[in-house]
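The values are calculated or read from the model by the stated rules, or taken from the named source; none is laboratory data. Because the structure is predicted, anything quoted here is derived from the model rather than measured. Virtual Cβ from ideal backbone geometry, glycine too; neighbours counted across all protein chains shown. Note: areas computed on protein heavy atoms with side chains; ligands, DNA, RNA excluded. Shrake-Rupley method; radii C 1.70, N 1.55, O 1.52, S 1.80 Å.
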Amino acid sequence: MDSDSESTDSQQRSESLEFHDEDADTQDADWMNKEHPGHTDAVLACPMCFTQVCFVCQKHERFAGQYRALSVTHCEVQDVLYSYGKNGLLEPIEADHSLPTSDVFRLVCCAECHTKLGVIDSCDAYHLFHVLDDPPVSL
């Protein structure tokens, strides 16, 4: 290597250090605690586009990979009503159905790529089961 390439490497390293913010992790953690207070079991993301969709949720006690949340981000709720059929799959139902409201759900999709992520129930609780989960980071 000649001295010109060594000085260029040294200059690039010093320039890259100018873009490093030592306080960024602490600032990010402070923002998360302010915007999304409370304990969370995971941070959830869309499995197709990796957009984060939930920051505060509770893991289901019996079913692995399922979560309950009271709020989500980057999601759309469809107007079509659904109920679980005999085979356990969601089936669309008519608006004038005779089912108890506890058996009626609406589909929740990613706002970015429209992937189905879960459902919202009549109590406005989100049940997310087609998501990627990442344990929360403690700083």
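A few notes on this one:
- Within the stretch 73-86, considering residues that are part of a loop (DSSP other than H, G, I, E, B) and under 23 Å from Pro47 (Cβ atoms), the one least open to solvent (accessible area, probe 1.4 Å): Thr73
- Flag for Ala29 being touching a residue at least 60 places away in the same chain (Cβ under 8 Å), of a type in the set (Gly, Ala, Ser), touching an Asp or Glu at 6+ places or on another chain (Cβ under 7 Å) and open to solvent by less than 80 Å² (accessible area, probe 1.4 Å): no
Residues checked against (1) in contact (Cβ under 8 Å) with a residue 60 or more places away in the chain; (2) among the aromatic types (Phe, Trp, Tyr):
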{"site": "Thr40", "(1), (2)": "yes, no"}
{"site": "Cys57", "(1), (2)": "yes, no"}
{"site": "Phe63", "(1), (2)": "yes, yes"}
{"site": "Ala95", "(1), (2)": "no, no"}
{"site": "Arg106", "(1), (2)": "no, no"}
{"site": "Cys109", "(1), (2)": "no, no"}
{"site": "Val119", "(1), (2)": "no, no"}
{"site": "Ala125", "(1), (2)": "no, no"}
{"site": "His130", "(1), (2)": "yes, no"}
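- Some residue of the stretch 58-68 being polar (S, T, N, Q) and either assigned to a strand (DSSP E or B) or farther than 25 Å from Asn33 by Cα (or both): yes
- Taken together, Arg68, Arg106, Arg62 contain a single residue that is among the charged types (D, E, K, R) and either at positive phi or within 12 Å of the chain's Cα centre (by Cα) (or both), which is Arg68.
- Residues (out of contact with any Phe, Trp or Tyr (no Cβ under 9 Å at 6 or more places or on another chain), open to solvent by less than 20 Å² (accessible area, probe 1.4 Å) and part of a strand (DSSP E or B)) located in the stretch 90-131: Cys109, Cys110
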